[in-house]
Amino acid sequence: MSVIVYDHALVDQMDVSMFAAAHRADVCVARGPVAGRGAVAFIDVGGVKCVLRHYYRGGMIRRFVKDAFFWAGEPRTRSFAEWRLLAELCRRGLPVPQPVAARYVRRGPWYTADLVTRCIPGVGSLAARLTEAPQGEAVWQRVGAMIRRFHDARVCHADLNAHNIQIGANGDCHLLDFDRGRIMPGAGVWSERNLTRLHRSLEKVSRITDAQFVDANWQALMAGYGT
């Protein structure tokens, strides 16, 4: 059983065949060491340039189950949950991709999932930018200020890392991949854990590539964050 939800304001009708692009090598863009896990496909939906992401398992379990998740009801499917969260974050004016469509395919006690979001033109990941050149203090401060906006809105990103932070040519910052993200009931240690996870990610990118990340960069980010 395949079920799709989509934004009628963006597309008149979502064709299920568009989701097949997630498995076609000719449209998939494989991600490298600085681009995170998995792959995405760039597709056209009713004249709108979009990104199609198939959900894959992470961690050790991925060795045995690549992309199937245990069924616990439609509201808890990964794709529908992220689609709803992104819609709410867009409504609040936060810098996230606009959700276009989400799908799940149920097979007995398991399901697979896909999400389509609108492309953000002219952006590149912080991780990729770091491999090209050191980033100035202003960039780090903008990243910190962006993260603070999400935390002030009580938004917890489940995997805040250097790949999911996207920066445009004009310095605008966006945040991607809200799988398992949540709007929290209030302040708490979750925001500190977000920042700790990002710091580890930046150190990892610096360690496995030629990326330029030093302590002064982190201090600039935290200055932008407002600590």
Q | Where a residue in the stretch 176-194 is surrounded by 10 or more Cβ atoms within 10 Å (Cβ to Cβ) and its partner, wherever it lies, is small (G, A, S) and assigned to a loop (DSSP other than H, G, I, E, B), with Cβ under 8 Å and at least six apart | A | D177/G36; F178/A158; D179/A158; R180/A158; G181/A158; R182/A158; I183/A153
Q) Which residues, counting only those in the stretch 195-221, are loosely packed, with under 12 Cβ neighbours inside 10 Å and among the acidic types (D, E)? A) D210, D215
**Q.** Single unsatisfied condition, P95 versus (1) more than 17 Å from the chain's Cα centre (by Cα); (2) assigned to a loop (DSSP other than H, G, I, E, B)
**A.** (1)
Q) Which of the residues spanning the stretch 69-86 are in contact (Cβ under 8 Å) with a residue 40 or more places away in the chain and either surrounded by fewer than 16 Cβ atoms within 10 Å (Cβ to Cβ) or among the basic types (K, R) (or both)? A) F70, W71, E74, R78
Q.
Looking at the stretch 12-31, can you tell me whether even one residue there is modelled with pLDDT of 85 or more, under 16 Å from the mean Cα position of the chain (by Cα), surrounded by 11 or more Cβ atoms within 10 Å (Cβ to Cβ) and not aromatic (F, W, Y)?
A. no
Q: Note down all Cβ pairs under 9 Å where the first residue falls in the stretch 129-145 and is under 16 Å from G168 (Cβ atoms), the second is among the charged types (D, E, K, R) and in a helix (DSSP H, G or I), and they're at least six residues apart or on different chains.
A: Q135/R129; V139/R129
**Q.** Criterion: basic (K, R), under 21 Å from C50 (Cβ atoms) and in contact with a helix residue (DSSP H, G or I) (Cβ under 9 Å, 6 or more places away or on another chain) - qualifying residue of R91, R129, R182, R103
**A.** R103
**Q.** Tally, over the stretch 170-222, of residues that are of a type in the set (G, A, S), in a helix (DSSP H, G or I) and touching a Leu at 6+ places or on another chain (Cβ under 8 Å)
**A.** 2
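The values are calculated or read from the model by the stated rules, or taken from the named source; none is laboratory data. Owing to the predicted nature of the structure, the values given are computational and were not obtained by experimental measurement. Virtual Cβ from ideal backbone geometry, glycine too; neighbours counted across all protein chains shown.
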